[in-house]
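Presented below is the structure to which this report refers.
The values are calculated or read from the model by the stated rules, or taken from the named source; none is laboratory data. Values in this document were obtained by computation on a predicted structure and should not be read as measured data. Please note: Cβ atoms are built from the backbone with ideal geometry, for glycine as well, and neighbour counts cover all protein chains shown.
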Amino acid sequence: MAKVKGLGRGLDALLSAAKADIDIKQKDNSETVTNQSGLTELRIDKIQPGKYQPRQVFDQEDLEELAVSIRHNGLIQPVIVRLVAKDRYELIAGERRWRASQIAGLEVIPAIIRDFSDEEALAVSLIENIQRKDLNIVEEAQGYKRLIDEFGLTHEALASVTGKSRSNISNTLRLLNLSPEVLDYLMQRKLDMGHARALLPLSMEKQLELANEIILKKYTTAEVENKVSRILHEQKFGTEIIRDKTKKDPDIARLEETIADKLGMIVNIKHNRGGHGKITINYASVDELEGFLELFS
């Protein structure tokens, strides 16, 4: 998609649009909401999915559970839509609720009609979904990329909009450098974030080869990091001399994984019997290094 031309205000417009959505969600279904925010009821068949929806996977079991709740309690939180044609509305936020309401057999649901431009619709839909904790990490990364591509936002601006750290943004975006097949595994949750992060230094061919092995043999993150280190060392020196990380003290190995998860980087701890040692933190790009250094600024 070509970069959006009409968003002259950049980050300010993004923040304004996102705040409008968040403000609505923080209100209850009171008379104030009805008067000020366009709360109404719409026929469910008059609403169509949003074209800016970053979520690609909707768990059917999760939708069924939500549908049961909706049958008993109704749809408490309204969806947010905009008018796109006569008697036709496009979802901006709430597609999961809309899908579950269809399963529940509802014909009419509460909705808030907003006069969003394409730019604001894109901003609100992406940010609203990115801020949801259950959004798949690949969808989150793709959402960040769209915000960068469509709005020209920097990693710093994205951090400001989403409330996440710059290093988190950078590390999540790096996942898009994985091979398409490995990204599919991550999307399907056959791999976790630690596995995927460890695979990044490898070629796409090696990524897929090791990813298949991870799924088959159910490797831990520490085991994957060890195998990646061995592969890289062998590629560089033609020999394999790295000590197996899985032979380390279990407490040290757990501490490595904890720090790695916090930083989004591969971490190695060498702990000597005298109680001293060193921590090595590996980075894959200057951007990732800068994000790490920002933690101390």
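Please pick out the residue among Leu255, Leu210, Leu186 that is touching a strand residue (DSSP E or B) at 6+ places or on another chain (Cβ under 7 Å), part of a helix (DSSP H, G or I) and at pLDDT 80 or above. Walk me through it before giving the result.
Working: Leu210 fails: touching a strand residue (DSSP E or B) at 6+ places or on another chain (Cβ under 7 Å); Leu186 fails: touching a strand residue (DSSP E or B) at 6+ places or on another chain (Cβ under 7 Å).
Every option except Leu255 fails the conditions.
Which one of these is farther than 27 Å from Gln188 by Cβ and without any contact (Cβ under 8 Å) to a residue 60 or more places away in the chain: Pro78, Pro49? Quick ask: steps written out before the conclusion?
Values: Pro49 fails: farther than 27 Å from Gln188 by Cβ.
Checking each option against the conditions leaves just Pro78.
What helices (runs of 4 or more DSSP H) completely inside the range 107-180 contain at least 1 residues that are in contact with a Phe, Trp or Tyr (Cβ under 6 Å, 6 or more places away or on another chain) and under 17 Å from Leu91 (Cβ atoms)?
The helices (runs of 4 or more DSSP H) meeting that bar are 118-130.
Within the range 107-154, track down each residue that is charged (D, E, K, R) and farther than 25 Å from Arg43 by Cα. Spell out how you get there, then give the answer.
Of the residues in the range 107-154, the ones charged (D, E, K, R) are 107, 114-115, 118-120, 128, 132-134, 139-140, 145-146, 149-150.
Result: Glu119, Arg132, Lys133, Asp134, Glu139, Glu140, Lys145, Arg146, Asp149, Glu150.
Looking at the structure I just gave you, is Val138 farther than 22 Å from Glu294 by Cα and over 15 Å from the mean Cα position of the chain (by Cα)?
Here the answer is no, as Val138 does not meet what is asked.
Out of all the residues in the range 72-94, which are over 24 Å from Leu122 (Cα atoms) and modelled with pLDDT of 90 or more?
Correct list: empty.
Restricting to the range 57-89, what's the tally of residues that are surrounded by fewer than 19 Cβ atoms within 10 Å (Cβ to Cβ) and touching a Phe, Trp or Tyr at 6+ places or on another chain (Cβ under 9 Å)?
Looking only at that region, the number is 1.
Please tell me if Arg97 is over 18 Å from the mean Cα position of the chain (by Cα), part of a helix (DSSP H, G or I) and under 30 Å from Ala157 (Cβ atoms).
yes
Yes/no matrix, rows are residues, columns are (1) more than 16 Å from Leu191 (Cα to Cα); (2) of a type in the set (S, T, N, Q); (3) surrounded by fewer than 20 Cβ atoms within 10 Å (Cβ to Cβ):
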site: Val138; (1), (2), (3): no, no, no
site: Gly143; (1), (2), (3): yes, no, no
site: Arg146; (1), (2), (3): yes, no, yes
site: Gly152; (1), (2), (3): yes, no, yes
site: Leu158; (1), (2), (3): yes, no, no
site: Ser165; (1), (2), (3): yes, yes, yes
site: Ser170; (1), (2), (3): yes, yes, no
site: Leu173; (1), (2), (3): yes, no, yes
site: Leu178; (1), (2), (3): no, no, no
